[in-house]
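The values are calculated or read from the model by the stated rules, or taken from the named source; none is laboratory data. Just so it is clear, the structure is predicted and the values come from calculations on it, not from any experiment. Using ideal geometry, Cβ is built from the backbone for each residue, glycine included, and neighbour counts are taken over all protein chains shown. Remember, those area values only see protein heavy atoms, side chains included, never the ligands or the DNA or RNA. Shrake-Rupley method; radii C 1.70, N 1.55, O 1.52, S 1.80 Å.
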Amino acid sequence: MDRGSLRIFLGAAPGVGKTYAMLEEAHRLAAAGTDVVVGVVMDHGRAATAALVQGLEQVPLRMVEYRGTRLPEMDVDAVLARRPHTALVDEYAHTNAPGSRHSKRWEDVDELLDAGIDVLTTVNVQHLASLNDVVESITGTRQQEVVPDAIVRRADQIELVDIPPELLRQRLGSGLVYAPDKIDAALANYFRLGNLAALREIALIWLADRVEEGLAEYRKRHRIDQTWPTRERVVVALTGGPEGEALIRRAARILSRVSGGDLLAVHVRTPDGLAEGSEQDLAVQRKLVEDLGGSYQQLAGDDIAASLLDFARSINATQIVVGVSRHTRLQQLLGRGGVGAAVVRDSGEIDVHMVTHPLAERRQRLRLTPLLGRTRTLAGYALAFLVPILMTAALLPFPQLNLTTVALAHLCGVVVVAFIGGLWPAVVAAVFDSLLLNYSFTPPVGTLTVDDPQNFFALVVFLAVAVAFSLVVGVSSRRSQDAARARAEAGTLSELASGSLARDQSAEDFLEQLRAEFQLGAVSVLRESQGTWKVDSSAGPDAPAGPDEADGADPWAAA
């Protein structure tokens with residue numbers, strides 16, 4: 001059975017007409033032949049809303065006894081038994097009376113959706129968990145009933161019911177929202193013009209972010225790689241060097257030339273640790289970004305340029321700001337030409353600003369570290385042929401050396417190749433070395449035949465030992481890289497958690513940042529109860545509802 005669809009009517013404040021709009025849509029659907037029932041609608045004494053309920057089938061409410069009071073709640077079982085096509089369930093964030101099957105009305109709605117029933121519901125922005133503190137700071141009123149943002153964002157449709165603040169105050173003053181004895185207090189407090197304007201803008205921004213998520217999901221579903229710039233987003237790449245402040249300020253100046261936009265600073269932490277910058281500089285730069293109204297992201301990735309571009313595309317960035325490379329010509333020839341050049345080469349439709357800075361003139365000194373990644377592997381393959389040839393040339397002038405001594409010397413060459421190039425270059429070196437030993441030192445010299453069985457056995461043993469050593473080095477290298485990557489990811493997660501605690505983030509906000517920084521499709525926090533899994537919090541589209549739905553290759557897909 002297919003899950004029902006959820007449509008939410010979102011308002012910036014009470015009285016904007018969410019329930020009224022929902023009832024109007026219900027009448028339209030009923031007139032078109034859709035089976036519609038009212039699960040629960042709260043008219044709050046508003047005559048126009050109560051009148052609009054008439055003409056729609058209503059499922060009787062269930063009365064719940066609590067401390068001597070009878071409280072009306074939606075009868076979930078009755079709605080399920082009626083099995084309409086569409087049910088109206090007002091006040092999505094409502095807290096059910098104690099003794100109800102679920103503590104929250106949105107959980108009742110989930111049960112209806114699971115049964116294949118479409119649901120129309122309403123919610124105000126002050127009931128969204130991530131905005132609760134913001135709304136309190138604006139209005140001075142804290143809402144006790146909240147619903148996680150991730151639950152609301154899962155809706156198939158979210159429709160903003162919007163009216164100008166002046167019109168809402170007129171509606172309130174005319175007695176269309178509250179009883180006459182509450183009008184003056186409401187106008188002087190919660191419904192002040194500045195409050196309503198701020199709440200309206202918050203609702204528009206929140207909904208715009210939700211539209212961005214839908215656009216990203218559409219691009220992912222249809223495998224659209226290019227960005228669709230709906231608003232200006234500037235990503236500034238930070239290495240942890242002191243030049244980061246100059247790059248951040250340049251990115252902020254770029255954004256100042258447009259109306260609106262986002263500033264996002266990104267630092268990529270690599271497993272090998274060679275690209276790490278100063279933690280103190282990064283802390284200062286992070287504060288600068290946040291002071292300028294931007295956000296700071298830290299990613300874990302093997303390839304800095306690729307990770308940066310993947311992040312930029314995932315958030316639909318329009319521009320990237322990177323610093324001019326401080327690498328020397330020699331370093332560039334050795335494959336370390338800087339992140340900027342790689343970003344420019346692979347950026348596609350995203351504009352890239354290569355920003356010069358005073359430190360660009362002070363080139364880094366060459367660090368004597370092993371070649372890494374693709375460069376290291378290519379160097380290993382080259383040495384797999386070069387080292388055996390040089391070793392053979394060096395030993396040919398000494399014919400008095402026996403085959404064992406020569407084989408040990410060549411084995412040292414294979415060890416060198418293994419340490420530099422890893423497994424497969426070392427295997428190639430072992431095979432090529434055994435052929436050179438046979439051709440140059442095993443009678444009859446100058447051929448690939450072997451007369452003495454002992455020599456043949458020695459060559460076989462040499463090849464076996466060389467290949468075995470290569471395998472050991474390869475496994476050790478992979479485990480070392482895995483351990484380094486785990487340390488880098490653990491460091492990123494630790495910093496992310498520390499920052500979240502310092503800012504008192506909600507669980508949904510933390511998971512959303514976790515999803516962005518580790519470039520995950522979706523993240524869920526799961527809790528097991530009596531053999532079943534329940535989603536406590538989630539972020540991203542199609543978040544897994546259990547370990548079986550998670551990507552097994554992704555360690556963060558289920559927690």
Across segment 111-153, what is the total count of residues that are buried (at least 17 other Cβ atoms within 10 Å of the Cβ), within 21 Å of L6 (Cα to Cα), in contact (Cβ under 8 Å) with a residue 40 or more places away in the chain and out of contact with any Gly (no Cβ under 8 Å at 6 or more places or on another chain)?
14
Would you tally the residues in segment 154-187 being open to solvent by less than 60 Å² (accessible area, probe 1.4 Å) and either on the phi < 0 side of the Ramachandran plot or not small (G, A, S) (or both)?
16
Tally, over segment 298-317, of residues that are under 21 Å from D351 (Cα atoms) and open to solvent by 20 Å² or more (accessible area, probe 1.4 Å):
7
Specify the residue that is nearest to T139 (Cα to Cα); the eligible residues are those in segment 168-207 that are in a helix (DSSP H, G or I) and of a type in the set (S, T, N, Q).
N195
Check on L359, at pLDDT below 65 and in a loop (DSSP other than H, G, I, E, B)
no
Of a type outside the set (A, V, I, L, M, F, W, C) and out of contact with any helix residue (DSSP H, G or I) (no Cβ under 9 Å at 6 or more places or on another chain): which single residue out of R142, R154 fits that description?
R154
Residue satisfying condition, being under 24 Å from E159 (Cα atoms), surrounded by fewer than 19 Cβ atoms within 10 Å (Cβ to Cβ) and touching a residue at least 12 places away in the same chain (Cβ under 8 Å), within set T34, T19:
T34
What single numbered condition from (1) farther than 18 Å from T239 by Cα; (2) under 24 Å from the mean Cα position of the chain (by Cα); (3) modelled with pLDDT of 85 or more fails to hold for V343?
(1)
